[in-house]
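The structure appears right after this line, and notes come after that.
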Amino acid sequence: MSVATAKPVSETRSILGPAGNRVRVSEEPKRKSDNNTIKKPQRPRNPVPVPKIPEPVVRNNGSVDSSCSSDSSSSGGSSAKKSASSTKPVRRVGFKAAKVVPDNVVSATLSPPKISGPPKRCDWITTHSDPNYTSFHDEEWGVPVYDDGKLFELLVFSQALAELSWPAILNKRDTFRKLFENFVPSTIAQFTEKKLMSLKVNGSLLLSEPKLRAVVENAKQMLKVQQEFGSFSNYCWSFVNHKPIRNGFRYARQVPVKTPKADHISKDLMQRGFRCVGPTVVYSFMQVAGIVNDHLLTCFRYQECNSNLKKDLKPKIEDTQVLTDALENTC
């Protein structure tokens with residue numbers, strides 16, 4: 001009778017270790033189990049994409065398997081060619097080429113050429129204007145005036161504009177000065193009726209009879225103003241704080257005929273007994289006496305009148321202050 005032999009069961013065996021006798025499990029089964037486990041295949045990573053080299057570059061560089069020295073030299077040459085070919089002048093829109101001039105060098109092209117010809121004047125002065133009227137515009141009109149005799153003459157001319165034009169008045173200017181005794185207020189104030197009716201030119205009166213009587217009456221009132229304010233100039237310039245008004249108009253249609261300031265001066269003059277001094281007459285007087293600068297901005301006289309003002313304003317203000325102090329002391 002045959003007996004089946006049983007397989008020996010692996011038993012744990014004691015292993016003598018440095019820390020004493022301990023029972024350890026044999027590692028052989030573990031190792032076998034490790035060997036029996038099948039490792040999962042790892043997926044290959046995505047390869048780094050290699051940039052494609054253009055065919056012209058490959059041809060210039062030669063073979064890919066060439067030596068390092070030849071490869072580096074050929075690649076350097078090809079990159080230089082590539083950069084040279086890719087570099088193109090950039091055209092900028094909206095910019096203009098500027099000429100660079102070094103320092104301390106004056107270029108004749110920088111300053112625009114001066115146009116020779118007559119200076120630009122106000123629009124009411126044309127090439128067909130009367131020469132006396134043009135000279136009056138270029139030399140007197142708009143220039144600040146501070147002399148009492150000159151101011152009285154300009155006031156008479158402004159009153160005469162109701163009957164005559166500026167060219168006609170300027171052509172008779174010598175006659176006006178002769179008949180009105182050079183516009184000395186004290187002399188004109190003593191004109192009699194006979195003297196007044198003798199102010200004729202070619203058998204006709206220089207001005208209408210009401211205008212002539214107004215000139216004599218205004219001369220009398222001017223003497224009173226001089227006694228009160230020290231001078232007629234001080235009285236007139238006090239309305240604008242002794243500084244002329246600069247309007248700076250560009251077109252002749254913008255120049256007014258009268259202003260609120262002229263209306264205020266006109267009312268004050270009439271309250272003092274002056275005649276024929278409406279707002280229109282007063283504003284014409286302000287323009288010609290330089291109390292207001294109504295030269296157009298395009299006229300060359302606009303800036304010249306302002307420069308004359310800077311030169312003449314300081315001494316006139318000092319004289320006015322002296323007169324004011326004297327009047328205060330007298331009062």
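Brief remarks follow.
- Length-normalised contact order of the range 173-234 in % [C-alpha pairs under 8 Å, at least 6 apart]: 33 percent
- Computed label-point distance, nm, for sites LYS150 and SER186 using a 7 Å Cα→Cβ extension: 2.1 nm
- For the listed residue pairs LYS120/LYS211; LYS150/LYS261; LYS220/LYS261, the alpha carbons are over 30 angstrom apart in LYS120/LYS211.
- The heavy atoms of ILE265 present about 20 square angstrom of accessible area, all protein chains included, probe 1.4 Å.
- In this structure the range 166-247 gives 51 Å² per residue of accessible area when probed at 1.4 Å with all protein chains present.
- In terms of its alpha-carbon gyration tensor, the range 127-256 comes out oblate; a/c meets the 1.5 threshold, while b/c is at least as large as a/b.
- Net length available on complete extension from ASN202 to HIS128 is 23.9 nm, with 0.36 nm assigned per residue and the Cα-Cα distance removed.
- A 1.4 Å probe over all protein chains sorts TRP124, TRP237, TRP166 by accessible area into TRP124, TRP166, TRP237, starting with the largest.
- Accessible-area ranking of ASP174, ASP268, largest first, probe 1.4 Å: ASP174, ASP268
- Pairwise FRET efficiency - GLU163 versus THR259, Cβ, R0 = 25 Å, nearest 0.05: 0.60
- Loop-located GluC sites (Glu not before Pro) in the range 122-227 (DSSP state other than H, G, I, E, B) with a sparse environment of at most 12 neighbouring Cβ atoms within 10 Å: GLU163.
- On the range 233-305, 50 percent of the accessible area sits on carbon and sulfur atoms, based on a 1.4 Å probe.
- ARG275, ARG173, ARG121, reordered so the largest accessible area comes first (probe 1.4 Å): ARG275, ARG121, ARG173
The values are calculated or read from the model by the stated rules, or taken from the named source; none is laboratory data. All values derive from a computational prediction rather than experimental measurement. Methodologically, a virtual Cβ is constructed for each residue, glycine included, from the backbone with ideal geometry; neighbour enumeration extends over all protein chains shown. Note: accessible area is taken over every heavy atom of the protein model, side chains too, but ligands, DNA and RNA are not part of it. Shrake-Rupley method; radii C 1.70, N 1.55, O 1.52, S 1.80 Å.
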